[in-house]
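Please find one structure pasted underneath; my questions will follow.
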Amino acid sequence: MIKQFNMKALYGAYLFFLFLAACEKPVEEKIIDLPRGVPEAEGVPSSSIQAFLESADTSKHEFHSFMFLRHGKVIAESWWSPYGPELPHTMYSTSKSFTSTAIGFAVTEKLLTVNDSVISFFPEYVTDSVSDFMAALTVKDLLTMSVGQDPDPSATIPGDSLWVKSFLYTPIIDKPGTKFLYNSMATYMLSAIVTKVTGQKVIDYLKPRLFDPLHIQGIDWETDPEGNNTGGWGLRLKTEDMAKFGQLLLQKGKWNGEQVLSEEWIAEATSFKIQQSPELPAETKAKSDWLQGYCYQFWRCRNNAFRGDGAFGQYIIVMPDQDAVIAITSETSDMQGILNMVWDQLLPAMSDDELPVDAAAVASLERKIASLSLQLPSADLASTMEGALSGKIFKLDSNGRNMESISFQFGSAGSDVALKYKNDTYKIPIGWGEWKYSQTKRPGPYLVARAKNALKGLPPFKVAAAYSWKEENVLELTLRYIESPHTETITCTFEGEDVILDFKWSFAPTMKPQVIEGELVE
């Protein structure tokens, strides 16, 4: 009886805390679709989750968010400031799993089959020069990344204006369906096919079928020059939205008692279809979550799990044997390392039985979650140069970034940096000892940000910015693009009336610094 009373009291207090937190948010953020629960009630010690979060903080990986569902309830959710639950996060290739799901709806509605030939959807591009292999290519071959093109054309086609046509005339070297080679343009073609058969972009087609039933709002998706969603990348949604999608898959397509997505399609889409690198020895495959087999734009994992997976560490991990879903956003150069943390620390912590409540451990976990933050640029060192620099403009030498000048404003009313390009000037507020939040149309350090036709169809980018003085004459600007995994650092070294700018992107730490020189003009 004591155990039962403590559990109910603790759970009631937890829900009350969530209610108070929700009341502080805008009206559109108050709705809580996923029920919340106490970890021990769902068979997971709070201390194990805290140990995972502490490992995350001391690891080489930069975590941005984490959500853990067990038996359909959120038992832990955390964001590392300045990231937060209200922010969408770019999914990179986790977008592919949503494009696959759009194909699933279209198949269920008998608009196409996975055995349809790809060229059958685009007769306007079919000529006698279409190869036999291209004529044989099917929707299933796109879904399973077994197109047969080598190399993958994803680095070149986005520079063209007609992506579909460019894909159809890219040579296929291997017989379709026989060899796995990751190909983001294959997913783009799935998106283009959905648009062909429905007359809608994927994001619009999914809205009444997937996003509305799961109450997924405030999302956006990059487009190609013709307005098709990019399919293989470019979707941005919130961490809880990721978790909802994973839970829908875990529940075999049911949501609030309704069959939202076909159970048969989910079983088909998440089961083994093709082996990556079949020539590798079994012991090598046993250690890798990238060698367990590929599905329809999902990856099989070790431990009989499957996942949606995006560059730099965006995960929706579905664990049927444990009745669990884990959503993670992060920036890492070692994506296997984060999955290893899940398997080594969270998987063994899941019990089939309800556990005794450890009130002290629950409270400790809540304190840990509340304390999570990424390092804020130091405000320990001030510089006497701020007054002299304020309002000054430095003209920049000709450079590959097409930046023309940089200027600064410092003061008690607020500080900012202005970056002038040929056609636009971007003014970004910067905090000292705190993040300043704003939004800008200046493209951030996305993986494809500098490519032609990149980031089309997206609204202005949210930024958390701060500055610090590394030396009396060395200013460091930190621009966190908080709807992406990435950060841009601009180091400004002042020497008399000259400035040297050193640009670095967080996902390319070994990249040669991009240095621009300039001189004071006014």
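At most 15 other Cβ atoms within 10 Å and a DSSP loop assignment: could you name the trypsin sites (Lys or Arg not before Pro) in the stretch 389-440 that fit?
Answer in residue order: Arg401, Lys422.
Right, another one. Which entries of Lys470/Lys504; Lys207/Lys244; Lys165/Lys441; Lys60/Lys436; Lys207/Lys254; Lys462/Lys504 have Cα-Cα distances beyond 21 Å here? Working shown, then result.
Details: Lys470/Lys504 16 Å; Lys207/Lys244 14 Å; Lys165/Lys441 30 Å; Lys60/Lys436 26 Å; Lys207/Lys254 16 Å; Lys462/Lys504 19 Å.
Over 21 Å Cα-Cα: Lys165/Lys441; Lys60/Lys436.
Over the stretch 279-422, average the accessible area per residue using a 1.4 Å probe and give it in Å², no decimals.
Accessible area per residue, the stretch 279-422: 44 Å².
Go through 259-270, 142-153, 379-390, 306-317 and give me the packing order, highest mean Cβ count within 10 Å leading.
Highest-to-lowest ranking by the protection proxy: 306-317, 142-153, 259-270, 379-390.
Which helices count as membrane-span-like in the chain under these terms: full DSSP H, at least 24 Å along the axis by C-alpha, Kyte-Doolittle mean of -1.0 or more?
2-23
Note down the net charge around Trp290, summing +1 for each Lys or Arg and -1 for each Asp or Glu among other residues with Cβ under 11 Å from its Cβ.
Summing Lys and Arg as +1 and Asp and Glu as -1 gives +3.
Now for a different question. Mind checking the stretch 268-299 for chymotrypsin sites (Phe, Trp or Tyr not before Pro) that DSSP puts in a loop (not H, G, I, E or B) and that have at most 12 other Cβ atoms within 10 Å?
For chymotrypsin sites (Phe, Trp or Tyr not before Pro) across the stretch 268-299 that sit outside H, G, I, E and B with at most 12 neighbouring Cβ atoms in 10 Å, the list reads Phe272.
For the chain, what D do you get in µm² per second when you plug the Kirkwood radius from alpha-carbon pairs into Stokes-Einstein at 37 °C and 0.692 mPa s? Provide the component values of the computation, followed by the final result.
Working: Rh = 24.9 Å.
In µm²/s, the coefficient is 132.
Moving on to the next point. Apply the Karplus curve 6.51 cos²θ - 1.76 cosθ + 1.60, θ = phi - 60°, to the phi angles in the stretch 62-69 and return the couplings in whole Hz, x for Gly and Pro.
Karplus values, whole Hz, x for Gly and Pro: 9, 7, 10, 7, 8, 9, 10, 10.
Show me, for the stretch 128-141, the HN-Hα J-couplings you get by feeding each phi into the Karplus relation (A = 6.51, B = -1.76, C = 1.60, θ = phi - 60°), rounded to Hz, glycine and proline as x.
Each residue of the stretch 128-141 in turn: 5, 7, 5, 6, 4, 4, 5, 5, 8, 5, 10, 4, 4, 5 Hz.
How large, in percent, is the carbon and sulfur part of the accessible surface of the chain at a probe radius of 1.4 Å?
After summing per-atom areas, the C and S share lands at 52 percent.
Same structure again: Less than 16 Å apart at the alpha-carbon level, and either on another chain or at least 8 residues along: which lysines does that give for Lys110?
Candidates past the 8-residue exclusion: Lys140, Lys196.
For Cα pairs less than 8 Å apart in space and 6+ apart in sequence, what is the mean separation divided by the residue count of the chain, i.e. the relative contact order in percent?
About 16 percent, as a whole number.
The values are calculated or read from the model by the stated rules, or taken from the named source; none is laboratory data. Treat the numbers as computed from the prediction; the structure is a model and nothing was measured. So basically every Cβ, Gly included, is an ideal-geometry build from the backbone, and we count neighbours across all protein chains shown. For the accessible areas, the whole protein counts, side chains as well, though only heavy atoms, and no ligand, DNA or RNA atoms are used. Shrake-Rupley method; radii C 1.70, N 1.55, O 1.52, S 1.80 Å.
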